[in-house]
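Inspection log for the structure reproduced underneath, given as structure tokens.
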Amino acid sequence: MPIDPNLIRTIAALGVPVPALSTDPREQRARAFQYEQAVYPHLGPTGPRLPVREHVIPVTGRPDVLVRLYYPREPTADLSLPACLHFYGGAFIQGGLHHPSVDAMCALRAARAGVVVAAVSYALAPEHPYPTALEQGWAALDWLVREAGSLGVDPTRIALAGQSAGGTLVAALTQLNRDRARHPLSMQILEVPAVDLALGPRERGVEGLTEEQLAHLEMSLAWYVPRAGDRLDPLVSPLRAKSFEGLPPAYVFTAECDPLRDDGEAYAAALADAGVPVAALRMLGLPHEGGMYERVSGTARLAQAAVAETLRTLHD
């Protein structure tokens, strides 16, 4: 099935050229941010204004990490809501809480599901390669559990959610948590995740990408994991774990027109084979980033409604 023609028409009508890729990480981030500022308001929904609190968490041996909490209502002393620790996407080299899609998504999910969304502003490669982002994610999770009472969070009702590279971090973090502390996690939500970084874009046989795009993807991977041998580590490539037992129930969303589609579906199958409860949904007609384009895609609206409904089950 081709990409949703309505999505293609809408993007084409905007007349915003896709920015050239850059080998300078700061320039690449600036171009990606400017492009999203130009197109996202026409493709994705605006998030509601919610009470927000920001905390800076110390990380042993790594840079401190900022966590922004989106509350569905003004926090009070007696508040004890479910929470979702959220990781944005961006190929490990770009993205952030300042991006309109990330801010809107976190606010919408907090409001739609009535949960506290704790968004992790993890450090980016190449300045901060693996395992910095993962260790920051671990510190954020450990902090959220330990400080739950003062944050208005129920530590027994915590979900993890991540998109693209963020999904990779979530899958790795569930394994790290199992082996380190076994904090109770209610679920993991993986949206278009990359779970086998040992396979580069050329090894995957990716179609439809230019030589420049393939080279840029390979460069991004090298920035995040400079030592090729580390890409076999399950904390880099969660699909290569020796065991999936003891991981939280998973909800896996893949996009039909996405080179990473098979990654997510293989991971869902591996979890199911290990006895982990899994639900998997393939978003037909959507590219990698299409799940956030609710303004123009009925499939994206259904997918985001499913995520919100899944998070609402934390109240059960």
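Please treat every number below as a calculation from the coordinates, not as lab data. Keep in mind that this is a model prediction, so the values were computed, not measured. Because the Cβ atoms are built from the backbone with ideal geometry, glycine has one as well, and the counts that use them run over all protein chains shown.
Laid out as a table, the results:
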read-out	value
Beta bridges by DSSP in the chain, antiparallel share as percent, to the nearest 5	30
Sequence of Thr210, Thr254 once ranked by neighbouring C-beta atoms within 10 Å, starting from the fewest	Thr210, Thr254
The stretch 110-219 - percent relative contact order, Cα under 8 Å, separation 6 or more	21
The stretch 15-111 - percent relative contact order, Cα under 8 Å, separation 6 or more	34
Helix-derived mean residue ellipticity, 222 nm - over the chain, DSSP H n ≥ 4, -39500 (n - 2.57), to 500	-12000 deg cm²/dmol
Fewest-first sequence of Cys84, Cys106 by Cβ atoms within 10 Å of each Cβ	Cys106, Cys84
For the stretch 1-28 and the stretch 48-88, distance of Cα centres in Å	31
Option label - Cα extents along the principal axes in Å computed here, alternatives (1) 53, 42, 37; (2) 74, 41, 36; (3) 75, 52, 41	(1)
Integer Hz, Karplus 6.51/-1.76/1.60 couplings in order for the stretch 282-289, x for Gly and Pro	9, 7, 5, x, 10, x, 3, 8
Two-site label geometry, Gln34 and Arg295: point separation in nm, points 7 Å out along Cα→Cβ	2.0
Inter-label distance for Ala13 and His55, nm, one decimal - labels placed 7 Å from Cα along Cα-to-Cβ	4.4
Relative contact order, percent, the chain [alpha-carbon distance under 8 Å, six or more residues apart]	19
Whole-Hz ³J(HN,Hα) from phi, Karplus 6.51 cos²θ - 1.76 cosθ + 1.60, for the stretch 45-61, glycine and proline x	x, 8, x, x, 7, 10, x, 10, 10, 10, 9, 9, 9, x, 10, 4, x
Residue order, fewest to most beta carbons within 10 Å, for Arg49, Arg157, Arg62, Arg180	Arg49, Arg180, Arg62, Arg157
